[in-house]
Amino acid sequence: MTSNGDETTPLITPALPANRADYGSGEDVQKFARDAMSKFVVNNVAGESGRKLPQFIAGLAASGGALAAGTFLGWTAPTDKPLTVQHEYGFPISNEEFSWVGSISNLGAALMCFPIGYMMKMIGRKWSMLAMVLPLVLGWLLIIFAENVGMMMVGRFFLGVGGGAFCVAAPTYTAEIAQPSIRGTLGTFFQLMVTVGILFVYAVGAGVDVQMLSIICGIIPLVFGAIFFFMPESPYYFVEKGRYSEASSSLKWLRGAQYDENAEIEDLKQADAKVKAEAIPMLEAFRQKATIRALIISLGLMFFQQLSGINAVIFYNTDIFASANGGEEMSSASIIVGGIQVVATLVASAVVDKVGRRILLLISDFMMAVSTIMLAVYFQLKQDDPSKVDDLSWLAVLAVCLFIAMFSIGYGPVPWLMVGELFANNVKAFASPIAGVFNWLLAFLVTKIFTNLKDGMGEAGVFWLFSGISLLGTVFVFLVVPETKGKSLNDIQRLLSGEKESTADQGNDEARSDGRDPQVA
């Protein structure tokens, strides 16, 4: 769930006043242009003026929604056995019913991918995210006071509605408030906080019962709301609505009181005008070669991301360890897995702009295939003769840890990052949600049928299936997915359209790879 936060903002010369006579002619006009450009460069080139700390504070505050999303994603792992075997809530929950409890939140998330986009345009990014506190709190209340499986399922659905909305709104907000030099860093906060939320649930769930765990999780969106209420609205939203004085106040909050925001507001105005001028109907957009290729790549990445088995491993890793004869001595295994996920996501954030998207995807998918092959072999041996694996319980744990690490450095964050990069700005509003809906529906499918597949094919069969899909995913990346590292959005659109890059474009790519702005190099 990531945006194209590392995209370099192009330098655009500020327009002269409409009535040039007011500024004289010749040297007067040239002086105005030099002063305007000087002010613009000071504010927008790498090393731009303005304070960075307020932007980090706002970015972290927005990522509190990702923490809330991570808690509902990880909740099923520590609650499976207490609810289905120990009946902590006082009513029976079968494995089939729990598969619905675990998976239905994905349907809620899929449902919100399109509405949240309209909400952000209508009431703004800030208030759209604050509004999602309501379904999150309602969802946790229904789970806390559940008297039957139905209440628990409805609660999980509402959690998906709130969490899924954050997966769209928070990265958008973060990308829009950040200056170019730190936009990539702030863009990694969301995925990182999701993994921190999962780890948090694993750690707390090991020491408290299900109801107390749910109460603690229910407090997180309230804390988020209390903090985020004091953050500014996205300046881009205010510019969209023509509320320029409020955009100015927002930038002053984000960049510091001494920041001269006029040039940046002019830049935002021009960007907004460009998007509106290039807007095209959805059907026309999907006749364009670049859009079709971008959609195929995006949906393909989402397909192989979810069909690798990641949600099955996250939601049911406690069950996997138990099946691997881990027993009570491995009660901390889920916490270890969560910790690995956080560390690997940090590693991915540090290297994705250095080694490139494509190589991370290739390594990630191939090693996930190796991991699931290890799990398949383990469970095959166990199925044939349980005594063969008496001393091999570590193999399943190693395989799961390797799987999580490899997923987190590549197939976790990179598909979402590439969705933000592949689509042109004038089609992104309706193309990106399609990829989001597809991802969440696949997540629902895998989570829901994992138990059924395990019963029908056996544990070994399920992991053989996942390994085969991951190997196919590796081939897909090698043959179909282009490298987008260091390329501007225009470069990527030309690449997808089948056009060759010019020498100038290639030089610009090299400059971006070196961390330089190609227009001021």
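Some points to look at:
- Qualifying positions in the stretch 53-74 - of a type in the set (F, W, Y) and within 15 Å of R156 (Cβ to Cβ): F72
- Leading residue by the ranking (modelled with the highest pLDDT) among those in the stretch 192-242 that are farther than 21 Å from V313 by Cβ and among the hydroxyl-bearing types (S, T, Y): S214
- If only residues of the stretch 341-352 that are open to solvent by 10 Å² or more (accessible area, probe 1.4 Å) and at pLDDT below 80 are counted, the one that is nearest to the chain's Cα centre (by Cα) is S349.
- Only a single item in (1) without any contact (Cβ under 8 Å) to a residue 60 or more places away in the chain; (2) touching a Lys or Arg at 6+ places or on another chain (Cβ under 8 Å) is not met by G139, and it is number (1).
- Selection of first residues in the stretch 266-288 that are open to solvent by 80 Å² or more (accessible area, probe 1.4 Å) and of second residues that are part of a helix (DSSP H, G or I), restricted to Cβ pairs under 8 Å at least 6 apart or on distinct chains, gives the following pairs, ordered by first then second residue: K274/N425; M282/V427; M282/F430.
- Scan of the stretch 82-106 for residues that are open to solvent by 30 Å² or more (accessible area, probe 1.4 Å), assigned to a loop (DSSP other than H, G, I, E, B) and touching a residue at least 12 places away in the same chain (Cβ under 8 Å), ordered by number: E88, Y89
Results for (1) farther than 18 Å from L73 by Cα; (2) surrounded by fewer than 19 Cβ atoms within 10 Å (Cβ to Cβ), shown as yes or no for each residue.
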{"position": "G162", "(1), (2)": "no, no"}
{"position": "A165", "(1), (2)": "no, no"}
{"position": "V168", "(1), (2)": "no, no"}
{"position": "P180", "(1), (2)": "yes, yes"}
{"position": "M193", "(1), (2)": "no, no"}
{"position": "I216", "(1), (2)": "no, yes"}
{"position": "F224", "(1), (2)": "no, no"}
{"position": "A247", "(1), (2)": "yes, no"}
{"position": "Q258", "(1), (2)": "yes, yes"}
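- Pairs linking a residue in the stretch 478-489 that is within 17 Å of W416 (Cα to Cα) to a residue that is at pLDDT 85 or above and open to solvent by 50 Å² or more (accessible area, probe 1.4 Å), with Cβ atoms under 7 Å and 6 or more positions apart or on different chains, are V481/R358; E483/R358.
- Residue match in the stretch 44-52 (condition: modelled with pLDDT of 85 or more and assigned to a helix (DSSP H, G or I)): no
- Only listed residue being within 22 Å of S364 (Cα to Cα) and either without any contact (Cβ under 8 Å) to a residue 24 or more places away in the chain or buried (at least 17 other Cβ atoms within 10 Å of the Cβ) (or both), chosen from I434, I469: I469
- Residue that is under 16 Å from the mean Cα position of the chain (by Cα), at pLDDT 90 or above and either part of a helix (DSSP H, G or I) or of a type in the set (S, T, Y) (or both), where the choices are A66, A109: A109
- Unique residue being open to solvent by less than 50 Å² (accessible area, probe 1.4 Å) and of a type in the set (F, W, Y) when the list is F444, F478: F444
- Within the stretch 391-436, being among the hydroxyl-bearing types (S, T, Y) and out of contact with any Phe, Trp or Tyr (no Cβ under 8 Å at 6 or more places or on another chain) holds for S393, S408.
- Qualifying residue in the stretch 453-466 (condition: open to solvent by less than 30 Å² (accessible area, probe 1.4 Å), at pLDDT 80 or above and under 25 Å from V168 (Cα atoms)): no
The values are calculated or read from the model by the stated rules, or taken from the named source; none is laboratory data. What you see is a predicted model; the values in this text were computed from it and never measured. All Cβ positions, even for glycine, are placed from backbone atoms using ideal geometry, and neighbour counts span all protein chains on display. Quick note on the areas: whole protein, heavy atoms, side chains included, nothing else; ligands and nucleic acids left out. Shrake-Rupley method; radii C 1.70, N 1.55, O 1.52, S 1.80 Å.
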